[in-house]
Amino acid sequence: MAWETPVSKDLKPPVGGFKLLFVYLALAIESSFCILPRETLLVTAGYKTATQLFNRMHLCIFRAPMSFFDATPSGRILNRASTNQSAVDLNIPNQVGAFAFPMIHLLGIIVVMSQVAWQVFIVFIPMIALCLWYQVILVFFAALASDSTSAP
């Protein structure tokens, strides 16, 4: 937008308003064409995961012995099945998308930045090491905390 407004009244802007608007419109359309396959992939993965859980769950229910149905009310079975199915349908694809796509975006930014300035790796490589070290320490302390709370 800074190119559209000239420094003074006498100067003509290097880029016209129509051209600038056209570039923004083209970027928005290209962005939507990139988002479409991403969301299609996410929905397809979620659908296949939910279908696989549904089929396996019903197979286990159909193969259960009669004593299972004598001891467990059918309402509890249906409630548990619908709760699990709902979690797989809604939460898992959203969580995968919330994790995977920002990571891909970050890697893309780093690749583009490293093409312009290779010094990005001077910051990026130690940050990866620091993040991995933090995750190891976090897992260690989480295990330590669960051991201390479960001890008598």
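Each residue in the range 123-145 was checked for being over 17 Å from Leu106 (Cβ atoms) and either in contact with a strand residue (DSSP E or B) (Cβ under 7 Å, 6 or more places away or on another chain) or of a type outside the set (Gly, Ala, Ser) (or both), and 8 pass. Meeting the requirement of 2 or more residues that are within 30 Å of Cys131 (Cβ to Cβ), the helices (runs of 4 or more DSSP H) wholly within the range 1-117 are 17-62, 92-116.
Take Val120 and tell me if it is within 30 Å of Thr40 (Cα to Cα) and either in contact (Cβ under 8 Å) with a residue 60 or more places away in the chain or surrounded by 12 or more Cβ atoms within 10 Å (Cβ to Cβ) (or both).
In short, no.
Output yes when any residue across the range 5-26 is under 20 Å from the mean Cα position of the chain (by Cα) and either exposed (fewer than 10 other Cβ atoms within 10 Å of the Cβ) or among the hydrophobic types (A, V, I, L, M, F, W, C) (or both), and no when none is. Within the range 5-26, none of the residues are under 20 Å from the mean Cα position of the chain (by Cα) and either exposed (fewer than 10 other Cβ atoms within 10 Å of the Cβ) or among the hydrophobic types (A, V, I, L, M, F, W, C) (or both). Return yes when His58 is within 30 Å of Cys34 (Cβ to Cβ) and either out of contact with any Asp or Glu (no Cβ under 8 Å at 6 or more places or on another chain) or not assigned by TED's automatic domain parsing to the domain that holds Ser31 (or both) and no when it is not. Judged against the criteria, His58 is not a match. Within the range 50-69, residues that are free of Cβ contacts under 8 Å to residues at least 60 places away in the same chain sit with their Cβ atoms under 7 Å from residues that are acidic (Asp, Glu) and surrounded by 11 or more Cβ atoms within 10 Å (Cβ to Cβ), at 6+ positions apart or across chains, in these pairs: Ala50/Asp89. A single entry from Thr72, Thr49 fulfils the requirement of being surrounded by 11 or more Cβ atoms within 10 Å (Cβ to Cβ) and at pLDDT 85 or above: Thr49. When the range 93-117 is limited to residues that are among the small types (Gly, Ala, Ser) and under 22 Å from the mean Cα position of the chain (by Cα), the one that is surrounded by the most Cβ atoms within 10 Å (Cβ to Cβ) turns out to be Gly97.
The values are calculated or read from the model by the stated rules, or taken from the named source; none is laboratory data. Quantities reported herein were computed from a predicted structural model and do not represent experimental measurements. For neighbour counting, all protein chains shown are included, and Cβ atoms are generated from backbone atoms with ideal geometry for every residue, glycine included.
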